[in-house]
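> A single structure is presented below for examination.
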Amino acid sequence: MTTLYRFDEAQRIGGSHAVAVAHTVDAADPAAGGAVREVIERASEPQQIQTILAARGIRFEQWRADVALPDGATNDAILSAYAAELARLRAEAGYPSADVVRLVPDDASPAWPALAAAARAKFLVEHRHAEDEVRFFVEGSGVFYLRFDDETLAIRCERGDLLGVPAGTRHWFDMGSRPHFCAIRVFGSTDGWVAEFTGDEIATRYPIADALAALPALERK
Ligand SMILES: [Fe+2]
């Protein structure tokens, strides 16, 4: 379920509101086992998520994404399956380039765990881009963390979610310990994907995607 999590970045670790959540990314996590930020608000209603994100300049929409992608589908095949959506994005915002990022568990391959861990580590560090980062999730899920002055929002994006992160927004992405997602990315320029790393280890102070997924379900009103 698409879910938005809000954290108070000013929260003092070790204070009465801090909770210990298993934090298991060894390579990227010098604070493994320590207290991490607590979720102070959660939302899973799309309209509410959109409102919260829009107030912070982040675009969130839910589009149809019901094409079943076969294993081994080429990037071109995926882009053409969603040609209409791509054309719409291009027409709206003039993003000239697009690519596909897809990770699907491959338990038959001995190389897959290392490949998945390396892919995960690459995005799990705070960075920003000189261009907007727009992702349309067409399979699986992954969690985007968006950092603002005194708060951080994490959004678990699922199939059909379109997320537009404006240029300069500090963020990181956790695809989880068993990555399974496909996102179409569109850019304002061919080098738009270049990440400028901030050097801040903030990502280690937040619950990873697996920990967020393990939180008890929200009660339905
Ligand atoms: Fe990014």
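The values are calculated or read from the model by the stated rules, or taken from the named source; none is laboratory data. Fair warning: this is a prediction, and the values are worked out from it, not measured in the lab. Cβ sites come from the backbone with ideal geometry, for glycine too, and all protein chains shown count toward neighbours. We work out accessible area using only protein heavy atoms, side chains counted, and drop any ligands, DNA or RNA first. Shrake-Rupley method; radii C 1.70, N 1.55, O 1.52, S 1.80 Å.
> Only residues that are of a type in the set (Ser, Thr, Tyr) and either in contact (Cβ under 8 Å) with a residue 60 or more places away in the chain or closer than 17 Å to Gly142 by Cβ (or both): list them for the stretch 77-113, please.
Tyr82, Tyr95, Ser97
> Name the residues in the stretch 1-33 that are under 21 Å from Gly176 (Cβ atoms), out of contact with any helix residue (DSSP H, G or I) (no Cβ under 7 Å at 6 or more places or on another chain) and at pLDDT 50 or above, would you?
Scanning the stretch 1-33 gives Met1, Thr3, Arg6, Phe7.
> I've got another one for you. For the stretch 175-203, what are the residues that are farther than 18 Å from Leu86 by Cα and more than 16 Å from the ligand (Cβ to nearest atom)?
Gly176, Ser177, Arg178, His180, Glu201
> In addition: Being modelled with pLDDT under 95 and charged (D, E, K, R) is the filter here; which residues of the stretch 107-133 pass it?
Across the stretch 107-133, the qualifying residues are Asp107, Lys122, Arg128, Glu131, Asp132, Glu133.
> Still on this model: Return yes or no: is Tyr206 within 16 Å of the ligand (Cβ to nearest atom), under 12 Å from the mean Cα position of the chain (by Cα) and hydroxyl-bearing (Ser, Thr, Tyr)?
No: the conditions fail for Tyr206.
> Which of the residues that make up the stretch 102-141 are of a type in the set (Val, Ile, Thr), within 16 Å of the ligand (Cβ to nearest atom) and within 20 Å of Arg59 (Cβ to Cβ)?
Val134 - this is the single residue of the stretch 102-141 that is of a type in the set (Val, Ile, Thr), within 16 Å of the ligand (Cβ to nearest atom) and within 20 Å of Arg59 (Cβ to Cβ).
> Restricting the stretch 53-76 to residues that are part of a helix (DSSP H, G or I) and either acidic (Asp, Glu) or touching a residue at least 12 places away in the same chain (Cβ under 8 Å) (or both), which is surrounded by the fewest Cβ atoms within 10 Å (Cβ to Cβ)?
Among those residues, the one meeting the criterion is Asp76.
> Go over the candidates Leu146, Leu153, Leu162 one by one and state the one that is within 11 Å of the ligand (Cβ to nearest atom), part of a strand (DSSP E or B) and in contact (Cβ under 8 Å) with a residue 60 or more places away in the chain.
The conditions single out Leu146.
> Being polar (S, T, N, Q) and open to solvent by 10 Å² or more (accessible area, probe 1.4 Å) is the filter here, so list the residues in the stretch 135-189 that pass it.
Listed by number, the residues that qualify are Ser141, Thr169, Ser177, Ser189.
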